[in-house]
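Asker: Dumping the structure here so I can ask a few things about it.
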Amino acid sequence: MHFACSFALLAAVLAAGEIVPVLRQGVVPLTSLDLQKLRQGWGSPVVDRSVEGKPLQIGGREFAWGLGSHAASVLHVRLAGGSARFSAWVGVDDETAGRGSLAFRIHGDGKLLWESGVMKGGDAARRVDLDLAGVETLLLVTTSAGDGIDYDHADWAEAAFHVSGAPPRAVDPPVEEKVLRTPPPGPAPRLNGPLAYGVRPGRPIVHRVPCTGERPIAFAAAELPASLALDPVTGILTGAAPARAGRYPVVLSATNAHGTAIRPFALVVGDELALTPPMGWNSWYVFYDHITQADMQAAADAMVASGMADFGYEYVNIDDCWMKRRDEEPYRDAEGAVLPNAKFPDMAGLAAYIHAQGLRAGLYTSPGPWTCAGYVGAFEHEEADGRRFAAWGFDFLKYDWCSYEGVATGEGRERLERPYRQMADILRGLERDLVLNLCQYGMGEVWEWGGEVGGHCWRTTGDLGNEPGGLLPGFYAIGLSNARHAEHAHPGHWNDPDYILIGWIGGPGGTHVPTTLTGEEQYSYLSMWCLMAAPLFFSGDMTKLDAFTLNVLCNAEVIEIDQDPLGRQARIVRETEEELVLAKPLHDGSLAVGLFNLSELPRAIAVDWAALGLQGPRRVRDLWRQRDLPPRDGSLPMDVPRHGVELLRLGAVE
Ligand code: GLA
């Protein structure tokens, strides 16, 4: 026998001087469950009041009791077959004055039992009265109905379970086991990395040929221009680019006891750099202002030791906080070039250390007087700083707007373009190639002009690390926003949705904490970034790379999608609240397709050939598991885990 009427319910109603609702025997209000288990997009759950603490009211009708919540939300309830029914009145609370639109959904044992459809502020309450006979687990969900969660005040009025057996209990979502998808690389050599490498005439080159397989491996390069040399043991290519512009095809080979791999490679000597999206590591989200030179060197060591370099990760980039802090004068040397702070005693030595491993070095500054974290920026010293970066040996510059806002001149787009055009012109004149990463959070539709002013990649959004997660972690929203600018990406010019935050990342007070993303979410993250031809910068702790993190970061067939020489960004084929389908054309005529399940439950997702622009049968390669699936014609149906992905390559049938 279960009679439940929460103390909170009684108290709230009496205080308002209203009639106490008489709950019949066996009727358990939703609000009597442990509401700490409810995850919601804004605020906290409120008993017998709206999310803002007002009397519950939907479409002009008041309700004396129930739950005030906010989309997007999810509550897992264990029924164990003990509840016969669930009933409620649902809708947007009238406190939003007609604003907001959301949807209610109820799933039982993985099946959709009821959905409200889109409900808007002011709509009359909808009645739900569900037969739950035999249901073990119930999921109560609200969604944004596809337009963001603003004003989505979700009321579950008079919501109650009609209990005949075990009482309902709010529970944590089931713990998802992390399943390793990427098979370990085989013992035979496999050459990875870009097929083409852009460099300006005569500029220095350092490139570690990425290759998996048992070491020792003997590397060779046929038709290598005389100005370059390949170390046969390390596979590190060094020297200078030929002085004449043009395409220089090279044939790379790698041999060990298990066989030989051969791969074409071309030096493309001209004005274009970053012919494929840059890959590497950035210090920001793990070290913030705690970064030291020793940390950078440890990251370079780990890039090689972990095997990441064998998959093409090559830039080792310091973010903010390597220069002097405001009030730590002098800021500059006699030549007017910026000075590093005490944690970076030898910037040239750091770049040389990174180069010695065949990797490339990157750093950061702002066109403003101060960086975002309050360190010295390049304002009015752009030329001296740019020269110094090249003299030290750096290969990549992230140029972050920050305090430039206070000194910018000019109007409209020109005002936004000016500092980037200026730095690109300076860098172009230097004796060393520096890839230029524009960081100004997407202002003024930067994707439309970032390439034209001389940027190689440009952040399209605010910081991913600050993006609030709802039911889906923040990278989905950042990724989706970045996905909308597909037509602006092409070789040498990439949309940048920010870094890969997985593994161990920076926590409070300089601590490092493990990611809260599920395994499936992490595979989705990498898949999305690769389909979007995004720069791939890991920004977790390089010295704490566990097997799972490496499994996500290091799948040669997945990275190949990112690095495809055609350089197209995936287009959005379908975008609903539950599903996202992205498709990226590849240089060999095949198509990479990502089926993303954005919902709270496993889901079958199918995509038709018509939507993909295909005709006839296709070979299907499961890229994460690196295995062929049976060929398909007409459509591709896949079962996709919660917040997960299936990433496929559809090729011609031989
Ligand atoms: C901004 C950028 C971040 C990071 C910090 C450093 O927020 O968007 O990527 O570089 O500055 O202060």
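Asker: Based solely on its DSSP helices, what 222 nm [θ] is calculated for the chain when runs of n ≥ 4 H residues each add -39,500 (n - 2.57) and the sum is averaged over all residues, nearest 500 deg cm²/dmol?
Answerer: So the calculated ellipticity at 222 nm is -4500 deg cm²/dmol.
Asker: What GluC sites (Glu not before Pro) does segment 169-215 have in DSSP loop regions with at most 11 other beta carbons within 10 Å?
Answerer: E177
Asker: Shifting gears a bit: Where a ≥ b ≥ c are the square roots of the eigenvalues of the C-alpha gyration tensor, would you call the chain rounded, which needs a/c under 1.5, or, failing that, prolate if a/b is larger than b/c, or oblate?
Answerer: It is prolate, given that a/c is not under 1.5 and a/b is the larger ratio.
Asker: In nanometres, what is the gap between the two model label sites at A610 and S227, each 7 Å from Cα along Cα-to-Cβ?
Answerer: With each label placed 7 Å out from Cα toward Cβ, I get 5.5 nm.
Asker: Stretched out fully, how many nm does the piece from E445 to E487 gain, at 0.36 nm a residue minus the Cα gap?
Answerer: Computed gain between E445 and E487 is 13.9 nm.
Asker: To continue, here is another question. Name the residues whose placed amide hydrogens come within less than 5 Å of the amide hydrogen of R360, ignoring near sequence neighbours (fewer than 5 apart) on the same chain.
Answerer: Answer set, sorted by chain and number: Y315, V316.
Asker: With all protein chains present, how much of the accessible area of the chain (probe radius 1.4 Å) comes from carbon and sulfur, to the nearest whole percent?
Answerer: Carbon and sulfur together cover 54 percent of it.
Asker: Right, here's the next one. Please tell me which of these pairs span more than 29 angstrom C-alpha to C-alpha: K178/K343; K111/K544; K178/K584?
Answerer: K178/K343; K111/K544
Asker: Quick check: the angle from helix 382-392's long axis to the longest principal axis of the chain, C-alpha only, nearest 10 degrees?
Answerer: 70
Asker: All other residues with a Cβ under 14 Å from the Cβ of E223 taken together, and with Lys, Arg as +1 and Asp, Glu as -1, what is their net charge?
Answerer: Summing Lys/Arg as +1 and Asp/Glu as -1 gives +2.
Asker: With θ taken as phi - 60° and the coefficients 6.51, -1.76 and 1.60, list the Karplus ³J(HN,Hα) couplings across segment 525-537 in order, rounded to whole Hz; mark glycine and proline as x.
Answerer: 4, 4, 4, 4, 4, 5, 5, 8, 6, 8, x, 10, 10
Asker: Does segment 364-444 come out rounded, prolate or oblate by the C-alpha gyration tensor, with a ≥ b ≥ c the root eigenvalues, rounded set by a/c under 1.5 and, if not, prolate when a/b is larger than b/c and oblate if not?
Answerer: Judged from the Cα gyration tensor, segment 364-444 comes out prolate (a/c at least 1.5, a/b above b/c).
Asker: Sort segment 423-517 into rounded, prolate or oblate with this rule: let a ≥ b ≥ c be the square roots of the eigenvalues of the Cα gyration tensor; rounded if a/c is under 1.5, and if a/c is not under 1.5, prolate when a/b is larger than b/c, oblate otherwise.
Answerer: Cα axes put segment 423-517 in the oblate bin.
Asker: Taking amide hydrogens as modeled 1.01 Å from N in the peptide plane, which residues meet the under 5 Å criterion relative to V435, leaving out close sequence neighbours?
Answerer: Residues meeting the amide H criterion: F396, L397.
Asker: For K398, give me every one of the aspartates and glutamates with a C-alpha distance below 12 angstrom, ignoring sequence neighbours fewer than eight places off in its own chain.
Answerer: D319, D320, D496, D498
Asker: Name the aspartates and glutamates eligible as straight-distance cross-link partners of K54: C-alpha to C-alpha under 16 Å, and not fewer than 8 places from it in the same chain.
Answerer: Straight-distance partners of K54: E18, E62, D93, D94, E95, D152, D155, E158.
Asker: Hey, what do the phi angles of segment 622-628 turn into as Karplus ³J(HN,Hα) couplings, whole Hz, using 6.51/-1.76/1.60 and θ = phi - 60°, x for Gly and Pro?
Answerer: 7, 6, 5, 8, 6, 9, 7
Asker: Could you do me a favour and compute the accessible area per residue for the chain, 1.4 Å probe, result in Å²?
Answerer: On a per-residue basis, the chain sits at 38 Å².
Asker: For segment 386-433, run through the GluC sites (Glu not before Pro) and keep only the ones in DSSP coil with at most 13 other Cβ atoms within 10 Å of their Cβ.
Answerer: In loop regions of segment 386-433 (DSSP not H, G, I, E or B), the sparsely surrounded GluC sites (Glu not before Pro) are E411, E431.
Asker: Working from Cα positions, state the angle (0 to 90°, nearest 10) between the long axis of helix 412-428 and the longest principal axis of the chain.
Answerer: Approximately 40 degrees, to the nearest ten.
Asker: Also: Taking the simple approach of a point 7 Å from Cα along Cα-to-Cβ for both D425 and D639, what is their distance in nm?
Answerer: In this crude label model, D425 to D639 measures out at 6.1 nm.
Asker: Please figure out what share of the DSSP beta bridges in segment 372-509 is antiparallel and state it in percent, rounded to the nearest 5.
Answerer: 10
Asker: Shifting gears a bit: Quick check: pseudo-label points 7 Å beyond the Cα along Cα→Cβ at H258 and D172, how many nm apart are they?
Answerer: 3.9
The values are calculated or read from the model by the stated rules, or taken from the named source; none is laboratory data. Keep in mind the model is a prediction, meaning the values are calculated, not measured. Cβ: placed from backbone, ideal geometry, glycine included. Neighbour counts: every protein chain shown. Surface accessibility is based on the protein's heavy atoms, side chains included, excluding ligands, DNA and RNA. Shrake-Rupley method; radii C 1.70, N 1.55, O 1.52, S 1.80 Å.
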